[in-house]
1. Tabulate in residue order the Karplus-calculated ³J(HN,Hα) for region 174-186, using 6.51 cos²θ - 1.76 cosθ + 1.60 with θ = phi - 60°, rounded to whole Hz; enter x for Gly and Pro.
2. Please report, in debye to the nearest 20, how large the charge dipole of the chain is about its Cα centre when each Lys and Arg carries +1 at its beta carbon and each Asp and Glu carries -1 there.
3. Local charge sum around S161 (other residues, Cβ-Cβ under 12 Å, Lys/Arg +1, Asp/Glu -1)?
4. Can you tell me how much longer the chain between L199 and L50 gets when fully stretched, taken as 0.36 nm per residue apart minus their C-alpha distance, in nm with one decimal?
5. Over region 97-229, one equal point on each Cα, no solvent: what is log10 I(q)/I(0) by the Debye formula at q = 0.11, 0.14 Å⁻¹?
6. Viscosity 0.890 mPa s, temperature 25 °C: give me the Stokes-Einstein translational D for region 54-121 in µm²/s, with Rh taken as the Kirkwood radius over C-alpha pairs.
7. Decide, for region 1-58, between rounded, prolate and oblate: order the square roots of the alpha carbon gyration tensor eigenvalues as a ≥ b ≥ c, take rounded if a/c falls under 1.5, and otherwise choose prolate if a/b is larger than b/c, else oblate.
8. Give me the percent of the accessible area of the chain that comes from carbon and sulfur atoms, probe 1.4 Å, all protein chains in place.
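The values are calculated or read from the model by the stated rules, or taken from the named source; none is laboratory data. Keep in mind that this is a model prediction, so the values were computed, not measured. As a convention, Cβ positions derive from the backbone with ideal geometry for all residues, glycine included, and neighbour counts pool all protein chains shown. Calculation scope for accessible area: heavy atoms of the full protein, side chains included, ligands and nucleic acids excluded. Shrake-Rupley method; radii C 1.70, N 1.55, O 1.52, S 1.80 Å.
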Amino acid sequence: SKKRPNKRHPFGYGKVEYITSLFIGIVIFGLGVFIVINALLGKHSAPSFLAIIIIIIAVILKAFSVIYLMNMGKKLKSQTLIMSGKESLTDLCSSSLVIVIIILSNFQDKFPILKYADLIGCLFVGILIFIMAYGILKENILSLIGETSDDKDILERLEKSIESIDGVDLKDIKLIKYGSYYKADLVIELDPKITIMRLARLEKRIFKKVKKEKVGIKYITLEVEPDND
(Lines give C-alpha, C1' and ligand atoms only; values in the text may rest on other atoms or scores of the structure.)
Protein backbone atom coordinates (compact mmCIF):
# COMPACT_ATOMS: atom_id res chain seq x y z
CA SER A 1 0.00 0.00 0.00
CA LYS A 2 3.02 2.31 0.45
CA LYS A 3 4.30 1.61 -3.07
CA ARG A 4 5.03 4.80 -5.00
CA PRO A 5 2.54 5.91 -7.68
CA ASN A 6 3.26 5.34 -11.36
CA LYS A 7 1.63 6.08 -14.74
CA ARG A 8 -0.92 3.27 -14.40
CA HIS A 9 -1.71 4.11 -10.76
CA PRO A 10 -1.24 7.87 -10.36
CA PHE A 11 -2.87 7.90 -6.90
CA GLY A 12 -0.76 5.12 -5.42
CA TYR A 13 -1.64 1.69 -4.07
CA GLY A 14 -3.44 2.60 -0.85
CA LYS A 15 -6.55 0.61 -1.76
CA VAL A 16 -4.52 -2.60 -1.43
CA GLU A 17 -5.39 -2.29 2.27
CA TYR A 18 -9.07 -2.79 1.44
CA ILE A 19 -8.26 -5.94 -0.57
CA THR A 20 -6.26 -7.28 2.39
CA SER A 21 -9.15 -6.53 4.73
CA LEU A 22 -11.54 -8.26 2.32
CA PHE A 23 -9.37 -11.37 2.52
CA ILE A 24 -9.51 -11.15 6.34
CA GLY A 25 -13.31 -10.91 6.13
CA ILE A 26 -13.55 -13.99 3.88
CA VAL A 27 -11.31 -16.01 6.23
CA ILE A 28 -13.41 -14.95 9.24
CA PHE A 29 -16.61 -15.88 7.37
CA GLY A 30 -15.12 -19.32 6.61
CA LEU A 31 -14.25 -19.71 10.29
CA GLY A 32 -17.87 -18.95 11.19
CA VAL A 33 -19.11 -21.62 8.77
CA PHE A 34 -16.71 -24.18 10.26
CA ILE A 35 -17.80 -23.41 13.84
CA VAL A 36 -21.53 -23.67 13.03
CA ILE A 37 -21.13 -26.96 11.10
CA ASN A 38 -18.94 -28.40 13.85
CA ALA A 39 -21.48 -27.32 16.47
CA LEU A 40 -24.32 -29.08 14.66
CA LEU A 41 -22.50 -32.26 13.61
CA GLY A 42 -19.71 -32.64 16.18
CA LYS A 43 -19.77 -34.30 19.57
CA HIS A 44 -20.12 -32.15 22.65
CA SER A 45 -18.56 -32.71 26.04
CA ALA A 46 -17.76 -30.64 29.11
CA PRO A 47 -14.21 -29.21 28.90
CA SER A 48 -12.08 -29.28 32.06
CA PHE A 49 -11.39 -26.31 34.30
CA LEU A 50 -7.83 -26.37 32.96
CA ALA A 51 -9.31 -25.05 29.72
CA ILE A 52 -10.66 -22.04 31.65
CA ILE A 53 -7.15 -21.11 32.81
CA ILE A 54 -5.80 -21.37 29.27
CA ILE A 55 -8.63 -19.26 27.85
CA ILE A 56 -8.30 -16.61 30.59
CA ILE A 57 -4.64 -16.20 29.61
CA ALA A 58 -5.71 -15.95 25.96
CA VAL A 59 -8.35 -13.33 26.83
CA ILE A 60 -5.80 -11.17 28.68
CA LEU A 61 -3.34 -11.33 25.78
CA LYS A 62 -6.12 -10.68 23.27
CA ALA A 63 -7.23 -7.60 25.22
CA PHE A 64 -3.73 -6.10 24.89
CA SER A 65 -3.80 -7.02 21.18
CA VAL A 66 -7.12 -5.22 20.63
CA ILE A 67 -5.93 -2.03 22.33
CA TYR A 68 -2.62 -2.01 20.44
CA LEU A 69 -4.07 -2.76 17.00
CA MET A 70 -6.92 -0.25 17.27
CA ASN A 71 -4.66 2.54 18.55
CA MET A 72 -1.99 1.92 15.91
CA GLY A 73 -4.63 1.55 13.20
CA LYS A 74 -6.13 4.95 14.03
CA LYS A 75 -2.72 6.57 14.41
CA LEU A 76 -1.45 5.26 11.06
CA LYS A 77 -4.91 5.39 9.41
CA SER A 78 -4.37 1.75 8.44
CA GLN A 79 -7.55 -0.06 7.43
CA THR A 80 -5.82 -3.44 7.77
CA LEU A 81 -4.78 -2.80 11.39
CA ILE A 82 -8.25 -1.49 12.27
CA MET A 83 -9.90 -4.57 10.73
CA SER A 84 -7.46 -6.83 12.60
CA GLY A 85 -8.33 -4.97 15.80
CA LYS A 86 -12.06 -5.51 15.20
CA GLU A 87 -11.45 -9.20 14.50
CA SER A 88 -9.48 -9.46 17.74
CA LEU A 89 -12.32 -7.73 19.60
CA THR A 90 -14.78 -10.33 18.31
CA ASP A 91 -12.36 -13.06 19.34
CA LEU A 92 -12.10 -11.46 22.79
CA CYS A 93 -15.90 -11.50 23.17
CA SER A 94 -16.23 -15.08 21.95
CA SER A 95 -13.39 -16.27 24.21
CA SER A 96 -15.08 -14.64 27.20
CA LEU A 97 -18.29 -16.42 26.24
CA VAL A 98 -16.41 -19.72 26.04
CA ILE A 99 -15.34 -19.31 29.68
CA VAL A 100 -19.00 -19.01 30.70
CA ILE A 101 -19.92 -22.04 28.57
CA ILE A 102 -17.18 -24.19 30.13
CA ILE A 103 -18.30 -23.27 33.64
CA LEU A 104 -21.93 -24.07 32.85
CA SER A 105 -21.04 -27.35 31.09
CA ASN A 106 -19.29 -28.63 34.20
CA PHE A 107 -22.58 -28.48 36.11
CA GLN A 108 -24.57 -30.59 33.65
CA ASP A 109 -24.70 -33.53 36.08
CA LYS A 110 -26.76 -31.43 38.48
CA PHE A 111 -28.69 -29.57 35.77
CA PRO A 112 -29.25 -31.84 32.71
CA ILE A 113 -30.37 -28.91 30.55
CA LEU A 114 -26.81 -27.56 30.69
CA LYS A 115 -25.64 -30.38 28.42
CA TYR A 116 -26.81 -28.14 25.58
CA ALA A 117 -24.68 -25.21 26.77
CA ASP A 118 -21.77 -26.19 24.53
CA LEU A 119 -24.00 -26.47 21.45
CA ILE A 120 -25.80 -23.17 22.09
CA GLY A 121 -22.51 -21.44 22.89
CA CYS A 122 -20.88 -22.67 19.66
CA LEU A 123 -23.84 -21.49 17.59
CA PHE A 124 -23.80 -18.11 19.31
CA VAL A 125 -20.05 -17.70 18.69
CA GLY A 126 -20.56 -18.71 15.04
CA ILE A 127 -23.31 -16.09 14.61
CA LEU A 128 -21.11 -13.46 16.30
CA ILE A 129 -18.32 -14.24 13.83
CA PHE A 130 -20.76 -14.09 10.87
CA ILE A 131 -21.86 -10.61 11.95
CA MET A 132 -18.23 -9.49 12.25
CA ALA A 133 -17.34 -10.91 8.82
CA TYR A 134 -20.37 -9.20 7.23
CA GLY A 135 -19.32 -5.84 8.68
CA ILE A 136 -15.74 -6.19 7.41
CA LEU A 137 -16.82 -7.30 3.92
CA LYS A 138 -19.46 -4.57 3.58
CA GLU A 139 -17.16 -1.77 4.77
CA ASN A 140 -14.28 -2.72 2.50
CA ILE A 141 -16.38 -3.41 -0.59
CA LEU A 142 -17.88 0.08 -0.25
CA SER A 143 -14.39 1.54 0.24
CA LEU A 144 -13.10 -0.20 -2.90
CA ILE A 145 -15.98 1.22 -4.92
CA GLY A 146 -14.98 4.68 -3.75
CA GLU A 147 -15.80 6.37 -0.48
CA THR A 148 -15.42 9.86 0.91
CA SER A 149 -14.42 10.65 4.48
CA ASP A 150 -16.43 12.98 6.71
CA ASP A 151 -13.70 13.50 9.30
CA LYS A 152 -14.84 16.85 10.75
CA ASP A 153 -11.49 17.62 12.37
CA ILE A 154 -9.60 17.33 9.07
CA LEU A 155 -12.26 19.20 7.09
CA GLU A 156 -12.37 22.08 9.59
CA ARG A 157 -8.59 22.38 9.67
CA LEU A 158 -8.38 22.46 5.87
CA GLU A 159 -11.21 24.97 5.56
CA LYS A 160 -9.62 27.30 8.11
CA SER A 161 -6.20 27.02 6.46
CA ILE A 162 -7.42 27.59 2.89
CA GLU A 163 -9.79 30.43 3.82
CA SER A 164 -6.84 32.27 5.40
CA ILE A 165 -5.44 32.89 1.90
CA ASP A 166 -6.49 36.30 0.54
CA GLY A 167 -8.79 36.19 -2.47
CA VAL A 168 -9.69 32.49 -2.09
CA ASP A 169 -13.30 31.52 -1.38
CA LEU A 170 -13.52 27.80 -0.59
CA LYS A 171 -16.83 26.31 -1.77
CA ASP A 172 -16.39 22.56 -1.24
CA ILE A 173 -13.96 19.91 0.03
CA LYS A 174 -14.12 16.18 -0.60
CA LEU A 175 -11.75 13.73 1.08
CA ILE A 176 -11.47 10.47 -0.85
CA LYS A 177 -10.04 7.56 1.13
CA TYR A 178 -7.10 5.60 -0.28
CA GLY A 179 -6.26 3.28 2.59
CA SER A 180 -4.01 5.15 5.02
CA TYR A 181 -4.07 8.45 3.10
CA TYR A 182 -6.50 10.80 1.32
CA LYS A 183 -6.98 12.59 -1.95
CA ALA A 184 -8.50 16.04 -1.48
CA ASP A 185 -10.81 17.54 -4.13
CA LEU A 186 -11.08 21.29 -3.58
CA VAL A 187 -13.53 23.68 -5.25
CA ILE A 188 -12.74 27.40 -4.92
CA GLU A 189 -14.19 30.62 -6.28
CA LEU A 190 -11.90 33.33 -7.60
CA ASP A 191 -12.19 36.67 -9.33
CA PRO A 192 -12.99 35.84 -13.00
CA LYS A 193 -10.45 38.46 -14.09
CA ILE A 194 -7.56 36.71 -12.31
CA THR A 195 -4.43 36.19 -14.39
CA ILE A 196 -2.93 32.78 -15.09
CA MET A 197 0.25 33.81 -13.28
CA ARG A 198 -1.62 34.79 -10.08
CA LEU A 199 -3.74 31.64 -10.31
CA ALA A 200 -0.58 29.50 -10.48
CA ARG A 201 0.84 31.26 -7.42
CA LEU A 202 -2.44 30.76 -5.50
CA GLU A 203 -2.49 27.08 -6.44
CA LYS A 204 1.00 26.60 -5.01
CA ARG A 205 0.02 28.39 -1.79
CA ILE A 206 -3.11 26.27 -1.40
CA PHE A 207 -1.22 23.02 -1.97
CA LYS A 208 1.50 24.13 0.48
CA LYS A 209 -1.11 25.02 3.12
CA VAL A 210 -2.89 21.67 2.74
CA LYS A 211 0.34 19.67 2.95
CA LYS A 212 1.45 21.69 5.99
CA GLU A 213 -1.57 20.48 7.98
CA LYS A 214 -0.12 16.93 7.96
CA VAL A 215 -3.48 15.16 8.05
CA GLY A 216 -2.58 12.36 5.63
CA ILE A 217 -3.45 14.10 2.34
CA LYS A 218 -1.18 12.83 -0.41
CA TYR A 219 -2.91 14.12 -3.55
CA ILE A 220 -4.84 17.31 -4.28
CA THR A 221 -7.02 18.35 -7.21
CA LEU A 222 -8.22 21.93 -7.56
CA GLU A 223 -11.34 23.06 -9.39
CA VAL A 224 -11.68 26.79 -9.96
CA GLU A 225 -15.02 28.54 -10.51
CA PRO A 226 -15.58 32.25 -11.24
CA ASP A 227 -16.99 34.37 -8.45
CA ASN A 228 -20.36 35.46 -9.84
CA ASP A 229 -20.54 38.31 -7.35
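1. Per residue, the Karplus-derived 3J(HN,Hα) values read 10, 9, 9, 7, 10, x, 8, 9, 10, 10, 9, 9, 10 Hz.
2. On the way: 33 positive and 25 negative charges, 222 e Å.
So the magnitude is around 1060 debye.
3. On the way: positive: R157, K160, R205, K208, K209, K211, K212, K214; negative: E156, E159, E163, E213.
My count for the surroundings of S161 gives +4.
4. Numbers: separation 149, 0.36 × 149 = 53.64 nm, distance 7.25 nm.
Gain on stretching L199 to L50: 46.4 nm.
5. With one equal scatterer per Cα and no solvent, log10 I(q)/I(0) is -0.58, -0.73.
6. Values: Rh = 13.3 Å.
Translational diffusion coefficient: 184 µm²/s.
7. On the way: a/c = 9.35, a/b = 2.59, b/c = 3.61.
The shape class here is oblate.
8. Details: 9390 of 14530 Å².
That share works out to 65 percent.
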